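Here's the structure, in structure tokens; my notes come after.
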Amino acid sequence: MLRVGGLTRLSAADYPGKLAAVVFCQGCAWRCGYCHNPELQPARGAREIPWDEVRAFVEKRRGLLDAVVFSGGEPTQQRGLAAAMREVKALGYLVGLHTAGIVPRRLAEVLPLVDWVAMDAKAPFCEHERVTGARGSGRRARQSLDLLLASGVAREVHTLSASSPAGPSRGT
């Protein structure tokens, strides 16, 4: 189903104004030099958490948590993302997504299921390949941003700050 490389059981910072669990999806095709979760880059992780365990945890937390956020790695790389989101939504949770826009077609698939998205803009689109090490990454990120903006889903876009060249900062 979903390859999960980590789980934060309680966060007040990963979904605006809500208490959330954060599911860290395993795998990311981009190799940004400032990645804050490099252990999630490989498609398979050394310590994966079975999706059934994650689902059982969020099921027990109904009424205590408001949202479940899918982060990573890169959640849109996983085919099981939409099914996992539907399960969480059926439990009554808000669904959040942290993405860099790596797989626009999968983002388009899950946008109707999410209540809020944080998208990391890794670099200006023309410099994306240099930052990510992946061909066509700027084009895919631009396509994903266009999909997100057209969707009407609540969102934040995190960008690099001139005062913080080492990594993304929060921006809207």
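The values are calculated or read from the model by the stated rules, or taken from the named source; none is laboratory data. Just so you know, these numbers come straight off a predicted model, no measurement behind them. Glycine also receives a Cβ, built like all others from the backbone with ideal geometry; neighbour counts cover every protein chain displayed.
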Test: residue in the range 50-61 that is out of contact with any Leu (no Cβ under 8 Å at 6 or more places or on another chain) and of a type in the set (Val, Ile, Thr): no
Across the range 8-21, what is the total count of residues that are aliphatic (A, V, I, L, M) and either under 13 Å from the mean Cα position of the chain (by Cα) or crowded, with 22+ Cβ neighbours inside 10 Å (or both)? 2
Taking the range 29-50 as the region of interest, how many residues are in a loop (DSSP other than H, G, I, E, B) and of a type in the set (A, V, I, L, M)? 3
If we scan the range 112-131, do we find a residue that is modelled with pLDDT under 95 and either closer than 29 Å to residue 59 by Cβ or in contact with a Cys (Cβ under 8 Å, 6 or more places away or on another chain) (or both)? yes
Hey, does the range 139-162 have a residue that's in a loop (DSSP other than H, G, I, E, B), in contact (Cβ under 8 Å) with a residue 40 or more places away in the chain and within 22 Å of residue 69 (Cα to Cα)? yes
Please indicate, with yes or no, whether at least one residue in the range 22-35 is more than 15 Å from the chain's Cα centre (by Cα), β-branched (Val, Ile, Thr), modelled with pLDDT of 95 or more and surrounded by fewer than 24 Cβ atoms within 10 Å (Cβ to Cβ). no
Does residue 45 meet the test of being under 13 Å from the mean Cα position of the chain (by Cα) and touching a residue at least 24 places away in the same chain (Cβ under 8 Å)? no
Any chance the range 36-56 includes a residue that's in contact with a strand residue (DSSP E or B) (Cβ under 8 Å, 6 or more places away or on another chain), closer than 20 Å to residue 148 by Cβ and aromatic (Phe, Trp, Tyr)? no
For the range 61-117, enumerate the residues that are of a type in the set (A, V, I, L, M, F, W, C), assigned to a loop (DSSP other than H, G, I, E, B) and buried (at least 20 other Cβ atoms within 10 Å of the Cβ). 100, 102, 103, 114
Would you point out the residue of the range 1-28, among those that are touching a Ser or Thr at 6+ places or on another chain (Cβ under 8 Å) and assigned to a loop (DSSP other than H, G, I, E, B), that is nearest to residue 82 (Cα to Cα)? 14
